[in-house]
Amino acid sequence: MLFFLGAIILMGLAWMLVKELRIIYVAALFAVVLMPVIESISKLRIRGWQPSRAISIVLLIVGIIVALTVFFIIGLPPVLRDLREFLTDLPARIPEVVAKVKHLPMADKLGVDGIAARAESAATAVGGYIFSSLPHWLSHLFDILTCAFLCIYFMLEGETAYNFFLSLFRPKSRKRLDITLKKAELKMSKWLLGQGLLMLTLGVASTVTFGFLGVRYFFLLGVLMGLLNIIPIAGGVVTITLVAGVAALDSWPKMFGVLIFYLIYVNFENAFLTPRIMKSSVDLMGLTVLVALLIGTALAGIVGALVAVPTAALITVLLDEYAVNRDSDSTVPDEPLLSSDNVE
């Protein structure tokens, strides 16, 4: 009776503190993902000097701050400018698209005018939502800072907290859980690092190529190509369709140039980048990634999308260890066949 009462109380507290628990979980998850980077920095030797864990964390924080500063000063303004121009120009450019589509065979039977009207209203609504929601996101600045400080404390004292967590289990199951969680930590950190490198590579290559081709809003489109690369197949298809459509508004050669670039890059990524960056040890099914992103976004918006895939990696490792029933390696011996010698 006391057990059920305690469980009800804990569930009630969790419901009341859902926001705080979300911040704690995100901070702990990012600490787990960043720990291999901390360990790599702490192994560096500079003229006999080796940084401690605290110094390694400080160096990592400085590196992140420098990267974010460079992005906000150099990268973000062109993206926002392109986004503003794109949302402003889109309603006026839709008639141009309609005029070109009407020259195609059977276009008059597709209801192009109705589709164009709906697209124009949708573009206006999306544009208004994006710019009106910016102050709302700024209001979460305190939550972001809280999550960042918690992440630092988890990296500093996470090992002590982890050992305390393991001490809650019996010695027989403690070792198995420890091995499983360390396996999940390796998979989570390597997948996120590898996927981040693939996203960065595609984003930079797309931005440079689109700028060289003279595609409008190439900063914005290049960033979208990199960001949506986290969604297997579908992310690339959606973004390249958008980029090809924007390029086609200017000229058909630009559109064909965009499509040729993407075909070359996809083959290069599949044949060279993915086998070397991701490797088989961090492989996650595309369906797993997509479902995780959908559930994470539905539960917690952008924050949920950020932690969805590492959480999916953790769950897959736990399920593989504790829930998956594998066939026994031992084979059942064949029954002796009846022969004429055995028949009396």
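Per Stokes-Einstein, at 37 °C and 0.692 mPa s, what whole-number D in µm² s⁻¹ belongs to the stretch 187-235, with the Kirkwood radius over Cα pairs as the hydrodynamic radius?
Numbers: Rh = 11.1 Å.
Rounded, D is 296 µm²/s.
Just check the stretch 1-91 against the gyration tensor rule for me: Cα atoms, a ≥ b ≥ c as the square roots of the eigenvalues, rounded for a/c under 1.5, and otherwise prolate or oblate depending on whether a/b exceeds b/c. Write out the running numbers ahead of the final one.
Values: a/c = 4.70, a/b = 1.17, b/c = 4.03.
Oblate, since a/c reaches 1.5 and b/c is not below a/b.
Using 0.36 nm per residue of separation minus the Cα-Cα distance, give me the extension gain between residue 234 and residue 176 in nm, one decimal. Don't skip to the answer; put the middle values down first.
Details: separation 58, 0.36 × 58 = 20.88 nm, distance 3.73 nm.
Result for the pair: 17.2 nm of gain on full extension.
For residue 55 and residue 271 in one chain, what is 0.36 nm times their gap in residues minus the Cα-Cα distance, to one decimal in nm?
Working: separation 216, 0.36 × 216 = 77.76 nm, distance 3.85 nm.
My answer for the length gained is 73.9 nm.
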Accessible-area value, residue 322, 1.4 Å probe, nucleic acids and ligands omitted, Å²: 110 Å²
Derived scalar couplings ³J(HN,Hα) [the stretch 187-194; Karplus, 6.51 cos²θ - 1.76 cosθ + 1.60; whole Hz; x for Gly, Pro]: 5, 5, 5, 5, 5, 5, 5, x
Förster radius 22 Å - calculated FRET efficiency between residue 165 and residue 295 (Cβ-Cβ, nearest 0.05): 0.30
Distance in nm between pseudo-label sites at residue 21 and residue 46 (7 Å out along the Cβ direction from Cα): 4.3 nm
With DNA, RNA and ligands ignored, accessible area of residue 215 (1.4 Å probe; Å², nearest 10): 0 Å²
Estimated inter-spin distance, residue 319 and residue 252, nm [label 7 Å along Cα→Cβ]: 4.8 nm
For the stretch 189-236 and the stretch 303-322, distance of Cα centres in Å: 24 Å
Potential lengthening between residue 287 and residue 66 on full extension [0.36 nm per residue; Cα-Cα distance subtracted]: 76.1 nm
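The values are calculated or read from the model by the stated rules, or taken from the named source; none is laboratory data. Predicted model, so just to flag it, every value in this text is computed and none were measured. With ideal geometry, Cβ positions are generated from the backbone for all residues, glycine too; neighbour counts draw on all protein chains shown. Surface accessibility is based on the protein's heavy atoms, side chains included, excluding ligands, DNA and RNA. Shrake-Rupley method; radii C 1.70, N 1.55, O 1.52, S 1.80 Å.
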